[in-house]
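To start, the structure under review is shown below, and the notes come after it.
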Amino acid sequence: MITSLLVANRGEIAVRIFRTCRDLGIRTVAVYSDADADALHARVADDAVRLPGLTPADTYLRGELIVKAALAAGADAVHPGYGFLSENAGFAREVRDAGLVWIGPPPDAIEAMASKTRAKELMGLAPPGEVTEADLPVLVKAAAGGGGRGMRIVRRLEELPGALEGARAEAASAFGDGEVFVEPYVERGRHVEVQILADTHGTVWPLGTRDCSLQRRHQKVIEEAPAPGLAPALTDELYALAERAARRVAYVGAGTVEFLVADGAAHFLEMNTRLQVEHPVTEAVFGIDLVAEQIRIAEGHALPEQPPRAQGHAVEARLYAEDPAHDWTPQTGTLHRLTAPGSVRLDTGYTDGDTIGVHYDPLLAKVIAQAPTRAEALRKLAGALDRTEIHGPLTNRELLVRSLRHEEFTAARMDTGFYDRHLTALTTPAPDPYAPLAAALADAHGRSRFGGWRNLPSQPQTKRYRLSGEEHEATYRHTRAGTLEADGVRVLHADARHVVLEAAGVRRTFEIARYADRIYVNHTPLTPVPRFPDPTTQHAPGSLLAPMPGTVIRIAEGLREGSPVQAGDPLLWLEAMKMEHRITAPVTGTLNALHVTTGQQVQVDTLLAVVQPTS
């Protein structure tokens, strides 16, 4: 029987596994990098072991050190979570060879499904052949790993060499394996998967379907269970194929078999030999704890012959620190506040005051809602996200709310190209028009503590705030009675943290929070614009600033000072959070200056280049 368990991972999944361990009475052990010394997963574990590493990202890939940490802490077992070493057969063998229980499938099963090309062959599918014009569009895909890394869509044959090079480089960086392959790219397919749970006694449970079609950069954003609108015959086929995949490799534990569904047909993609990020929706509809089941299976317990029956519908949204409107750029900084309504499940690896760094995936949290029907679950989750308070780096919260309410999604007509079609509309700012005024009134109270009678009315006061990339002006005045007023709006109450306005007969309440140079009015972040800007922070038109800390991994071939460029041309690539980010020309013109070189580390707002616009 397992009494102490080490999680060879970090963040949200480590915290989630620890929660189950506490319920089962199992002692917990965390490992952490230097960058994660104060991370939530390291704080909530019973014991924590520091792992040295060449870089923070490399730390969680040091299998021999993780095994050593487990033995030093007296752990009986190791759970790999997802990502990092979770699908590494060599690490699974190291754990077993050390006399520890491995909470996962046998190493041979991991190895058999580790390469997507070998997995397709195992399933009896023909390997991809030479690409011709008739095959386009195609998808270049990393043979190892997942999470959208090492993927490129190719629509023109001349783009294929560059796509192969970029995918190989990203895959090698993320997974230590640069092997890639090419497969047909289905424009309007749905990403559907089947959860598998198998024991050591020959029982295999297909635990329902999930739809994960809403993706950005081939990484899932919203997932739900069961997958809506599938014909019963197709569902039966998906179950049969998933069970076949599991039995062909003598699978044990939790795993997921993924498919692309198009025109009523299922196309096998891969098998993930680990717990999935989206596993909570399956837990919700089947009323089980998949982590607890993994532990029981690893202890040798048998599953009942039949799985529990699914009930209702569940949907999960991944809350990322990123800017969807600007190429999904990851965001960093202090997370001052993160709270969600109690009616939904919140899985997170962060708490108020934590720092969102550059070394790991920008996932902040997963928010999960369950209800008797799909429509109710979507409404419940959208409403909960709408009321979720997030003060800190920019997130995709508003995108998630709009996606869940989009008619194509609510009607279950979505596919993997959803964001290709709708991203602009979903990210068009719709700022609260009264937020700047509420901020100004709160600021006025905080500065002057108005409350005394005045002999003369004051002159109008004006404050400016940057909101959704634009400047907004708010005007108010102090009255003789010591109150505040604004044109067209009744000020019912105003103090430093709470403002109540009445506009067109509707009373509206605003909660105010301040952090350094940013003000939050309910959900809306505003940045005060100083009356006299610091000239040293001003940049020439056409300046390109680093949107995040990272490393310059390559510069466009032949690019040098004096080169002509077109708006949107990629000039250089930054690597941050194990992903490549293209930096493109903001305008058509001439490259006046290039301030970085390949391999250079840059901080946020570092001046990268200057493009002189064509006059």
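Summary table
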read-out	value
Those residues of the range 306-330 which are crowded, with 19+ Cβ neighbours inside 10 Å and not in a strand (DSSP E or B), in sequence order	ALA321, PRO324, ALA325, TRP328
Residue match in the range 469-488 (condition: part of a strand (DSSP E or B) and under 13 Å from VAL521 (Cα atoms))	no
Residue under evaluation GLU557, criteria (1) over 29 Å from the mean Cα position of the chain (by Cα); (2) outside any strand (DSSP E or B); (3) touching a residue at least 40 places away in the same chain (Cβ under 8 Å), criterion not met	(3)
Of the criteria (1) modelled with pLDDT of 95 or more; (2) surrounded by fewer than 14 Cβ atoms within 10 Å (Cβ to Cβ); (3) assigned to a strand (DSSP E or B), which one ALA513 fails	(2)
Entirely in the range 43-99, the helices (runs of 4 or more DSSP H) that have 2 or more residues that are farther than 21 Å from ASP23 by Cα and among the charged types (D, E, K, R)	63-72, 89-97
Positions within the range 537-590 being basic (Lys, Arg) and within 14 Å of ASP327 (Cα to Cα), in sequence order	ARG582
ARG96 vs. criteria in the same structural domain as SER33 (by TED's automatic domain parsing) and out of contact with any strand residue (DSSP E or B) (no Cβ under 6 Å at 6 or more places or on another chain)	no
Residue tally, condition assigned to a loop (DSSP other than H, G, I, E, B) and either without any contact (Cβ under 8 Å) to a residue 12 or more places away in the chain or of a type outside the set (Gly, Ala, Ser) (or both), over the range 331-341	4
Residue within the range 362-378 that is surrounded by 18 or more Cβ atoms within 10 Å (Cβ to Cβ) and modelled with pLDDT under 95 present	yes
Residue within the range 593-601 that is within 25 Å of LEU363 (Cβ to Cβ), buried (at least 18 other Cβ atoms within 10 Å of the Cβ) and either outside the structural domain of THR55 (by TED's automatic domain parsing) or in contact with a Lys or Arg (Cβ under 9 Å, 6 or more places away or on another chain) (or both) present	no
Criterion (farther than 20 Å from MET123 by Cα and either in contact (Cβ under 8 Å) with a residue 60 or more places away in the chain or part of a strand (DSSP E or B) (or both)) met by exactly one of GLU258, GLU283, GLU187	GLU187
Odd one out for ALA109, checked against (1) of a type in the set (Gly, Ala, Ser); (2) assigned to a loop (DSSP other than H, G, I, E, B); (3) at pLDDT 85 or above; (4) touching a Phe, Trp or Tyr at 6+ places or on another chain (Cβ under 7 Å)	(2)
Answer from ALA169, ALA163 - the residue that is modelled with pLDDT of 85 or more, surrounded by fewer than 23 Cβ atoms within 10 Å (Cβ to Cβ) and not assigned by TED's automatic domain parsing to the domain that holds GLY53	ALA163
Which listed residue is free of Cβ contacts under 8 Å to residues at least 40 places away in the same chain, of a type in the set (Val, Ile, Thr) and either closer than 30 Å to GLN219 by Cβ or in contact with a helix residue (DSSP H, G or I) (Cβ under 9 Å, 6 or more places away or on another chain) (or both), from THR524, THR551, THR479, THR475	THR475
Complete set of residues in the range 468-520 that are among the small types (Gly, Ala, Ser) and either assigned by TED's automatic domain parsing to the domain that holds HIS391 or farther than 30 Å from THR334 by Cα (or both)	ALA481, GLY482, ALA486, GLY488, ALA503, ALA504, GLY505
Selected residue (only one of ALA242, ALA262 is within 30 Å of VAL344 (Cβ to Cβ), of a type in the set (A, V, I, L, M) and not assigned by TED's automatic domain parsing to the domain that holds VAL344)	ALA242
GLY482, sole failed condition from (1) among the small types (Gly, Ala, Ser); (2) more than 28 Å from the chain's Cα centre (by Cα); (3) modelled with pLDDT of 95 or more	(3)
Qualifying residue in the range 58-73 (condition: surrounded by fewer than 22 Cβ atoms within 10 Å (Cβ to Cβ), assigned by TED's automatic domain parsing to the domain that holds ILE26 and modelled with pLDDT under 90)	yes
Selection within the range 356-381 - in contact (Cβ under 8 Å) with a residue 60 or more places away in the chain and over 16 Å from the mean Cα position of the chain (by Cα)	GLN370, PRO372, THR373, ARG374, GLU376, ALA377, LEU378, LEU381
The range 342-353 residues that are β-branched (Val, Ile, Thr), paired with ones that are surrounded by 13 or more Cβ atoms within 10 Å (Cβ to Cβ) (beta carbon under 6 Å, 6 or more apart)	VAL344/VAL367; VAL344/ALA369; VAL344/ALA384; THR348/GLU12; THR348/ALA365; THR351/LEU40
Residue selected from the range 331-342 under the condition among the small types (Gly, Ala, Ser) and either buried (at least 16 other Cβ atoms within 10 Å of the Cβ) or touching a helix residue (DSSP H, G or I) at 6+ places or on another chain (Cβ under 6 Å) (or both), by the criterion nearest to LEU574 (Cα to Cα)	GLY333
Residue within the range 349-356 that is touching a strand residue (DSSP E or B) at 6+ places or on another chain (Cβ under 6 Å), assigned to a helix (DSSP H, G or I) and of a type outside the set (Val, Ile, Thr) present	no
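Here is a yes/no grid of residues against (1) within 27 Å of ALA114 (Cα to Cα); (2) in contact with a Ser or Thr (Cβ under 6 Å, 6 or more places away or on another chain); (3) assigned to a helix (DSSP H, G or I):
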site	(1), (2), (3)
ALA254	yes, no, no
VAL277	yes, no, no
ALA292	yes, yes, yes
PRO304	no, no, no
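The values are calculated or read from the model by the stated rules, or taken from the named source; none is laboratory data. It should be emphasised that the depicted structure is a prediction, and the values quoted were computed from it without experimental measurement. Cβ coordinates were reconstructed from backbone atoms using ideal geometry, including for glycine residues, and neighbour counts include every protein chain displayed.
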